[in-house]
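Visitor: Have a look at this one.
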Amino acid sequence: MIELFRSLFTPPRHLILLVAAVWLGQSLAEKRAARHQVSAEALGNLIFYGLAAYLLGGRLYYALSHLTAYLKSPLSLFELGVSSFDPLGGGAAALLTLLVYGRRQKLALWNTLDALTPFLAILAIALGLSHLAAGSAYGLPADLPWAISLWNAERHPTQLYEALAALLTFGLAWTLKPAPRPGLLFLTFAALTAGWQLFLGAFRADDVLWLGRFPQGQVLAWIALAISLWLYERINSGDIHENGNR
Amino acid sequence: MQPTRRLFFLAILAAGLAWIGISARTGASNLSAAPQAGFPAPDFSLQSVDGKTYTLSNLRGQVVLVNLWATWCPPCRAEMPAMQKAHEEYQAQGLVVLAVNATVQDERSAIAPFLTEYGLTFPVLLDETGQVSSAYQLRSLPSSFFIDRQGLIRYVVNGPVSEALLYARIEELLK
């Protein structure tokens with residue numbers, strides 16, 4: 001079953017999963033947008049501009065950081081492949097675009113983040129499945145009845161753990177009653193996601209190790225968890241107001 | 001209620017730190033060869049079209065680009081001029097391009113005219129039994145594996161490689 005799935009969505013076809021997730025996530029987010037006092041149209045535009053900036057920024061950042069290669073072949077900038085892409089550069093460009101667009105449209109920060117939560121939660125599920133298809137984010141070797149055969153070893157199916165945890169997080173975020181203050185839904189989602197990333201990081205074999213011992217993903221997830229819980233506490237106690245100001 | 005929640009959050013963070021400590025790696029992992037970034041490249045020994053035998057492990061110390069291709073595959077054809085340029089430009093710096101023809105799913109007689117048509121001068125190896133296709137778990141053509149001087153696969157590209165991407169990956173490994 002897993003082999004069939006991996007054959008069906010072998011790279012670069014694994015991107016189909018992400019494209020489908022963008023469509024589904026956006027539809028669900030728009031459906032619930034009014035609940036967070038955000039217009040569905042503004043939310044749709046926000047997602048569109050954010051994705052466009054992510055794709056363009058990721059490619060441009062990659063080209064700039066490999067300038068000599070791109071000066072030799074400038075037309076490669078327009079290739080359709082996804083390998084010449086820097087996710088961090090893309091993320092930074094998307095964040096900047098979202099901030100500028102949100103400010104221009106006078107979108108309230110926490111309301112918008114709450115409205116975006118279903119979109120992000122669906123994307124997290126698809127990311128786990130695309131990891132499974134590509135064989136990336138693989139687990140440590142394990143002698144378990146549910147281990148999967150990958151890269152010449154029986155391993156923890158960390159990609160399935162990831163997809164399942166993301167599915168549960170989505171289910172919770174979708175069924176939670178409206179939070180008393182804007183931002184709490186998004187922060188609940190962020191804390192849960194950071195929490196399971198921190199937990200599951202222990203079973204991953206592909207992570208960079210800090211100080212030769214500590215998986216980078218786990219450390220970053222702990223920091224994200226701490227920030228999410230701190231912000232949750234501040235918002236819930238009224239230290240941060242609904243428009244995002246202190 | 002608020003102090004209880006704060007204590008709960010602090011307990012979660014403390015448990016998180018403890019979990020990081022518990023799950024810290026204690027020894028160097030011993031990876032077996034696999035066709036994935038971060039793993040040692042699966043070794044192989046193949047004959048080239050001109051009868052020479054190439055063994056991947058003998059090229060340790062050099063940067064190796066293993067490109068799996070077939071004559072009937074349009075993206076493989078499209079990327080060959082870039083492969084040739086890269087071979088000419090970086091060969092002196094320690095790059096070895098090994099173009100492994102998936103002969104098991106190609107016409108042997110189509111290879112020589114192909115090499116003449118594109119003026120290819122790097123080694124073209126014949127995978128007549130499918131051993132490399134199998135060891136590299138070939139799922140799509142072309143597929144390129146960028147191998148560093150220690151014999152570790154650093155990048156895998158499924159599908160065509162653009163000229164700039166090819167140069168960028170090679171330059172990173174030659175540094």
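Visitor: For region B:156-175: of the residues being β-branched (V, I, T) and assigned to a strand (DSSP E or B), which is farthest from the chain's Cα centre (by Cα)?
Guide: Restricting to residues being β-branched (V, I, T) and assigned to a strand (DSSP E or B), the top hit is B:V157.
Visitor: Given the conditions (1) in contact (Cβ under 8 Å) with a residue 60 or more places away in the chain; (2) more than 27 Å from A:L8 (Cβ to Cβ); (3) buried (at least 17 other Cβ atoms within 10 Å of the Cβ), and given that B:P142 satisfies all but one, which numbered condition is not satisfied?
Guide: Tallying (1) in contact (Cβ under 8 Å) with a residue 60 or more places away in the chain; (2) more than 27 Å from A:L8 (Cβ to Cβ); (3) buried (at least 17 other Cβ atoms within 10 Å of the Cβ), B:P142 fails exactly one: (2).
Visitor: Filter region A:199-221 down to the residues that are assigned to a helix (DSSP H, G or I) and buried (at least 21 other Cβ atoms within 10 Å of the Cβ) and list them by number.
Guide: The answer is A:L200, A:G201, A:Q218, A:A221.
Visitor: For residues in region A:1-58 being of a type in the set (F, W, Y) and touching a helix residue (DSSP H, G or I) at 6+ places or on another chain (Cβ under 8 Å), which is farthest from A:A134 (Cα to Cα)?
Guide: A:Y49
Visitor: Moving on. I'd like the full set of residues that are more than 10 Å from chain A (Cβ to nearest Cβ), assigned to a loop (DSSP other than H, G, I, E, B) and aromatic (F, W, Y), limited to region B:28-56.
Guide: If the condition is that a residue be more than 10 Å from chain A (Cβ to nearest Cβ), assigned to a loop (DSSP other than H, G, I, E, B) and aromatic (F, W, Y), then B:F44 is the only one that fits.
Visitor: Examine region B:3-21 for a residue that is more than 12 Å from chain A (Cβ to nearest Cβ), assigned to a helix (DSSP H, G or I) and buried (at least 17 other Cβ atoms within 10 Å of the Cβ), and state whether such a residue exists.
Guide: No.
Visitor: Taking the stated definitions as given, is A:R234 of a type outside the set (S, T, Y), surrounded by fewer than 18 Cβ atoms within 10 Å (Cβ to Cβ) and at the interface with chain B (Cβ under 8 Å from one of its Cβ atoms)?
Guide: Spelling it out, it is not the case that A:R234 is of a type outside the set (S, T, Y), surrounded by fewer than 18 Cβ atoms within 10 Å (Cβ to Cβ) and at the interface with chain B (Cβ under 8 Å from one of its Cβ atoms).
Listed here are the residues, each with its yes/no results for (1) buried (at least 19 other Cβ atoms within 10 Å of the Cβ); (2) outside any helix (DSSP H, G or I); (3) of a type in the set (V, I, T).
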{"site": "A:S136", "(1), (2), (3)": "no, yes, no"}
{"site": "A:S149", "(1), (2), (3)": "no, yes, no"}
{"site": "A:P182", "(1), (2), (3)": "yes, yes, no"}
{"site": "A:L187", "(1), (2), (3)": "yes, no, no"}
{"site": "A:Q197", "(1), (2), (3)": "yes, no, no"}
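Visitor: Going through B:L95, B:L174, B:L126 one at a time, which residue ends up being away from chain A (no Cβ under 14 Å), touching a strand residue (DSSP E or B) at 6+ places or on another chain (Cβ under 8 Å) and not small (G, A, S)?
Guide: Every option except B:L126 fails the conditions.
Visitor: Six or more apart or on different chains, Cβ under 6 Å: which pairs go from a residue in region A:60-72 that's more than 8 Å from chain B (Cβ to nearest Cβ) to one that's of a type outside the set (D, E, K, R) and part of a helix (DSSP H, G or I)? Could you list them?
Guide: A:Y61/A:G89
Visitor: Look at A:Q216 and say whether it is of a type in the set (S, T, N, Q), touching a strand residue (DSSP E or B) at 6+ places or on another chain (Cβ under 7 Å) and free of Cβ contacts under 8 Å to residues at least 40 places away in the same chain.
Guide: So A:Q216 fits the description; yes.
Visitor: In this structure, does A:S76 turn out to be more than 18 Å from the chain's Cα centre (by Cα) and either in a helix (DSSP H, G or I) or more than 14 Å from every other protein chain (Cβ to nearest Cβ) (or both)?
Guide: The answer is yes for A:S76.
Residues are listed down the side, and each one gets a yes or a no for (1) in a strand (DSSP E or B); (2) more than 30 Å from A:S7 (Cα to Cα):
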| position | (1), (2) |
| --- | --- |
| B:Q84 | no, yes |
| B:A110 | no, no |
| B:P113 | no, yes |
| B:V132 | no, no |
| B:S144 | yes, no |
| B:R149 | no, yes |
| B:R154 | yes, no |
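Visitor: Only one of B:R60, B:R77, B:R25 is basic (K, R), surrounded by fewer than 20 Cβ atoms within 10 Å (Cβ to Cβ) and within 14 Å of another protein chain (Cβ to nearest Cβ). Can you tell me which?
Guide: That would be B:R25, the only listed residue that is basic (K, R), surrounded by fewer than 20 Cβ atoms within 10 Å (Cβ to Cβ) and within 14 Å of another protein chain (Cβ to nearest Cβ).
Coordinate-derived values only; no laboratory data. Note that the structure is a prediction, hence the values are computed from the model and not measured. Positions of Cβ are backbone-derived with ideal geometry, glycine not excepted, and every protein chain shown enters the neighbour counts.
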